[in-house]
Amino acid sequence: MKVLALIGSPRKKGNTETLLRAVLQGAEAAGGEIALIRLCDLHIQPCIGCGGCDKTGECVLQDDMQAMYPKILESQRVILASPIYFYGITAQAKGFVDRCQALWNRKRLLTEKGEWRKDPTRKGFLVTVSATHGERVFEGAILTAKYAFDAMGMAYGGEFAVKGMDGRGDMAKDAATLARAEEAGRKFMD
Ligand SMILES: Cc1cc2nc3c(=O)[nH]c(=O)nc-3n(C[C@H](O)[C@H](O)[C@H](O)COP(=O)(O)O)c2cc1C
């Protein structure tokens, strides 16, 4: 089963990456074929709202996102990983999500033609960390992820979200949570 993991943190070996790698360890153990992509290494322009994809389901902007569309469509699982920045996902992750508008239009156009084949086995998952313990700290990221996975034609498979992680090595010190994350990655393959 193809698993596309997208890391939206600009901080290498940071908390998001540590948590994501634990989830991926579980996913791989359960048979997932993992492709890990660092969104910060890609050149993905922000959506310009031109409406170009309205009639075609394809984005007019020619950059690294073009190679991402087929990868998304051929994956049975997508994992979006991002730390919380101002109650949402990072700019890099949001830039990627906004460009999924082309997929949202693709799905709408195929539905209108009666050609959309819903595949309930395709699922998306959110991995996220925050510094604070705010009660509503993950709400924005979860809503964004749900809508993004819907555009990708995927059901929302849940999230693994950890509060109180700030310094680069904080997540790596919490072996118990990482073990739970690995288990969540395993279950996400079901
Ligand atoms: C620009 C910026 C905005 C942030 N906003 C929030 C926030 O709104 N709430 C919060 O709990 N943490 C916030 N944080 C803290 C990060 O979520 C936290 O440090 C996280 O562990 C970083 O993950 P990383 O190591 O993967 O980069 C922010 C950090 C930065 C750099």
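In the chain, the longest principal axis of the Cα atoms and the axis of helix 139-151 are about 40 degrees apart. Is the C-alpha gyration tensor of segment 1-91 telling us rounded, prolate or oblate? Criteria: a/c under 1.5 is rounded; beyond that, a/b larger than b/c is prolate, otherwise oblate. In terms of gyration-tensor shape, oblate. Couplings 3J(HN,Hα) of segment 23-32, computed from phi: 4, 5, 4, x, 5, 5, 4, 8, x, x Hz, in residue order, whole Hz [Karplus 6.51 cos²θ - 1.76 cosθ + 1.60, θ = phi - 60°; x for Gly and Pro]. Using Cβ point charges alone (K and R +1, D and E -1), the dipole size of the chain about the Cα centre works out to roughly 100 debye. Listed by chain and number, the aspartates and glutamates whose C-alpha is less than 18 Å from the C-alpha of K94, apart from same-chain residues fewer than 8 away, are E17, D41, D63, D64, E139, D150, E159. Taking a point 7 Å from the Cα of R108 along the Cα-to-Cβ direction, the residues of segment 58-74 with backbone N closer than 12 Å to it are 58.
Listed values for segment 77-91 are Karplus-derived 3J(HN,Hα) couplings in whole Hz (6.51 cos²θ - 1.76 cosθ + 1.60, θ = phi - 60°), namely 9, 10, 10, 9, 10, 7, x, 7, 10, 6, 6, x, 8, 5, 4, and x replaces Gly and Pro. Length available on full extension from A91 to A176: 0.36 nm per residue minus the Cα-Cα distance, which gives 27.6 nm. Dipole of the chain computed with +1 at Lys/Arg Cβ and -1 at Asp/Glu Cβ about the Cα centre; of I44, M165, Y69, farthest Cα towards the positive end is Y69.
Label segment 2-187 by shape, choosing from rounded, prolate and oblate, from the square roots a ≥ b ≥ c of the eigenvalues of the Cα gyration tensor; if a/c is under 1.5 it is rounded, and otherwise prolate applies when a/b is larger than b/c, oblate when it is not. Don't jump to the answer; show the numbers that get you there.
On the way: a/c = 1.96, a/b = 1.55, b/c = 1.27.
It comes out prolate by the Cα gyration axes.
With R₀ fixed at 22 Å, the C-beta to C-beta distance from A131 to D64 puts the FRET efficiency at about 0.15. Could you tell me which residue out of C59, T132, G26 lies farthest along the dipole of the chain toward its positive end? Charges go on the beta carbon: Lys and Arg +1, Asp and Glu -1, centred on the Cα centre. Selected residue: G26.
Is there a pair in K2/K187; K2/K55; K2/K71; K71/K123 whose C-alpha atoms are over 19 Å apart, and which pairs would that be? If you can, show how the numbers build up before the last one.
Details: K2/K187 15 Å; K2/K55 29 Å; K2/K71 9 Å; K71/K123 14 Å.
Pairs exceeding the cut-off: K2/K55.
Remark: segment 48-63, residue by residue, has Karplus-estimated 3J(HN,Hα) of 9, x, 6, x, x, 7, 4, 9, 10, x, 10, 7, 7, 6, 9, 8 Hz, where x stands for each Gly or Pro and the curve is 6.51 cos²θ - 1.76 cosθ + 1.60 at θ = phi - 60°. Can you give the angle from 0 to 90° between the axis of helix 101-112 and the longest principal axis of the chain, with both taken from C-alpha atoms, to the nearest 10? Tilt relative to the chain: about 50 degrees.
Read the figures in this text as sums done on the coordinates, not as results from a lab. The structure displayed is predicted, hence computed values, not measured ones. Methodologically, a virtual Cβ is constructed for each residue, glycine included, from the backbone with ideal geometry; neighbour enumeration extends over all protein chains shown.
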